[in-house]
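Visitor: Below is one structure. I have some questions about it.
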Amino acid sequence: MQFHEKRRQQFLNENYYNFFTNFIEKTILHWRDHIPSNAGSEVFGRALASIDVANQTFDLFILKYTGGEPIDTFRDDLTKVIETFELNTIYEREYSDDPNFPPLRFAEIDEYERAMQLIGLCYLLHRRDLLPRLAAMLDGAFAGKDTLYEDMFAYELKDRYEVDEWYHDKPYRDLINSFYRDTPEESIMDIDRYLKAWYQSMKKAPWHDSHLDTSEAGGAYSGYWAIEAAAAVYLLDLDDRSFRDHIVYPKDLVDYARNLDKQLGPASSVPEELRVEGGKPCPQTGNWFSPAIPDSLRHFEQGEIMPVSANSQYGVTIWQWSTEQLPPLKPTVE
């Protein structure tokens, strides 16, 4: 497939994508092993370097999504993103001498948005197991202080707070309202308004309008995605046909989450060791399925080569261990 056919936003061209991917990867490698020379102290330097690694790792994640990489690969990549923010949290708390210091500051709209995107991705990629790790980083500073933050967590984590305040009114009021409507139709209208207002409401974000310069001198555009809106659509089980093609709505993430629901159930998270790429040997005897292949549930023996789909909308074919472990049929004796 040609790059322009698989990319998820039209602003991205192949030359810029290759350049920026390479640039971010080199930057991450550098700041994993170095600290800024002007930091003044090692402990402050570690905090500065680690937040750059965390943000760049997230940017690379979004860039690859925008560039059309297979969704299945992001389930494992999300763990790597969370790990970089956890490391930064350790260093930030060490430097500030504050055990509750967060890696993201909700007063800044781009950092608040990043937090909502991360929470949303945990649902959409069936990685709810990562939500407690996000809460451990953020709750000390923000638990009970933001309605959307609490509403998003409440679908998985128990004993969340009921609160009627939030950090940023625009555009988030409409998204918050969508969780409290009496009918799905009202929630759908809220999401539609939210998507229409989302980009213009992000004017203070450093990446705003970065698509206007996708040259090597630019290097800031990785994609514009209202991931938290997609998570709301998924969690509220809304019909997204009226806004499905909005440019900032990641519709295939919703499709992916719903497809996994049909196979695994909505609250599942598949451990990395119970996933295998098509073309590789089956690691464990039992029933497996692939989101890339409709009605694919079947029994494999350990060592059996897993099939590859020639028409996968997700790219590579990933087989996942099924919770439905029925014994294989035994041949009848005549």
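The values are calculated or read from the model by the stated rules, or taken from the named source; none is laboratory data. Quick caveat, the model's predicted, so the values are computed rather than measured. Cβ atoms come from the backbone with ideal geometry, glycine included; neighbour counts cover every protein chain shown.
Visitor: Could you check the stretch 21-47 and list, in sequence order, the residues that are out of contact with any helix residue (DSSP H, G or I) (no Cβ under 7 Å at 6 or more places or on another chain) and surrounded by 18 or more Cβ atoms within 10 Å (Cβ to Cβ)?
Guide: Of everything in the stretch 21-47, just one residue is out of contact with any helix residue (DSSP H, G or I) (no Cβ under 7 Å at 6 or more places or on another chain) and surrounded by 18 or more Cβ atoms within 10 Å (Cβ to Cβ), namely 45.
Visitor: Next up: Anything in the stretch 9-20 that is over 26 Å from residue 245 (Cβ atoms) and buried (at least 16 other Cβ atoms within 10 Å of the Cβ)? List them, or say none.
Guide: 19
Visitor: Working only within the stretch 198-233, note down all residues that are surrounded by fewer than 17 Cβ atoms within 10 Å (Cβ to Cβ) and not in a loop (DSSP other than H, G, I, E, B).
Guide: The answer is 200, 212.
Visitor: Which of the residues that make up the stretch 62-113 are hydrophobic (A, V, I, L, M, F, W, C) and in contact (Cβ under 8 Å) with a residue 60 or more places away in the chain?
Guide: Step one: filter the stretch 62-113 for residues hydrophobic (A, V, I, L, M, F, W, C), giving 62-63, 71, 74, 78, 81-82, 85, 87, 90, 101, 104, 106-107, 109.
Across the stretch 62-113, the qualifying residues are 62, 63, 71, 106, 107, 109.
Visitor: State the number of residues belonging to the stretch 116-137 that are more than 10 Å from the chain's Cα centre (by Cα) and crowded, with 19+ Cβ neighbours inside 10 Å. Outline the logic, then answer.
Guide: Taking the stretch 116-137 first, the residues more than 10 Å from the chain's Cα centre (by Cα) are 128-137.
When the remaining residues are screened for being crowded, with 19+ Cβ neighbours inside 10 Å, the result is 130-131, 134, 137.
Final tally of qualifying residues: 4.
Visitor: What strands (runs of 3 or more DSSP E) lie completely within the stretch 281-334 and have 2 or more residues being at pLDDT below 75, in contact with an Asp or Glu (Cβ under 8 Å, 6 or more places away or on another chain) and among the polar types (S, T, N, Q)? It would help to see each step written out before you state the result.
Guide: Working: elements: 286-289, 298-300, 318-321.
In the stretch 281-334, no matching strands (runs of 3 or more DSSP E) lie anywhere.
Visitor: If I ask for residues that are farther than 20 Å from residue 131 by Cα and either outside any loop (DSSP other than H, G, I, E, B) or among the small types (Gly, Ala, Ser) (or both), which ones from the stretch 146-173 would you list?
Guide: Within the stretch 146-173, 172, 173 meet the criteria.
Visitor: Taking the stretch 91-104 on its own, how many of its residues are assigned to a helix (DSSP H, G or I) and surrounded by fewer than 16 Cβ atoms within 10 Å (Cβ to Cβ)?
Guide: Residues of the stretch 91-104 that are assigned to a helix (DSSP H, G or I), as a first pass: 91-96.
Pick out the ones that are also surrounded by fewer than 16 Cβ atoms within 10 Å (Cβ to Cβ) and you get 94, 96.
Summing the residues that are assigned to a helix (DSSP H, G or I) and surrounded by fewer than 16 Cβ atoms within 10 Å (Cβ to Cβ) in the stretch 91-104 gives 2.
Visitor: Can you name the condition, by its number, that residue 242 falls short on among (1) surrounded by fewer than 16 Cβ atoms within 10 Å (Cβ to Cβ); (2) at pLDDT below 85; (3) of a type in the set (Gly, Ala, Ser)?
Guide: Exception for residue 242: condition (2).
Visitor: Let me ask you something else. Before we move on, is residue 130 modelled with pLDDT under 95, of a type in the set (A, V, I, L, M, F, W, C), assigned by TED's automatic domain parsing to the domain that holds residue 79 and not in a loop (DSSP other than H, G, I, E, B)?
Guide: Numbers: modelled with pLDDT under 95: yes; of a type in the set (A, V, I, L, M, F, W, C): yes; assigned by TED's automatic domain parsing to the domain that holds residue 79: yes; not in a loop (DSSP other than H, G, I, E, B): yes.
Judged against the criteria, residue 130 is a match.
Visitor: Can you tell me which condition residue 107 does not meet? The list is (1) outside any helix (DSSP H, G or I); (2) in contact with a Ser or Thr (Cβ under 9 Å, 6 or more places away or on another chain); (3) hydrophobic (A, V, I, L, M, F, W, C), and all the others hold.
Guide: Condition (2) is where residue 107 drops out.
Visitor: Now for a different question. Every residue in the stretch 234-267 that is touching a Leu at 6+ places or on another chain (Cβ under 9 Å), touching a residue at least 12 places away in the same chain (Cβ under 8 Å) and in a loop (DSSP other than H, G, I, E, B), please.
Guide: Hits for the stretch 234-267 are 243, 246, 247, 248, 249, 250.
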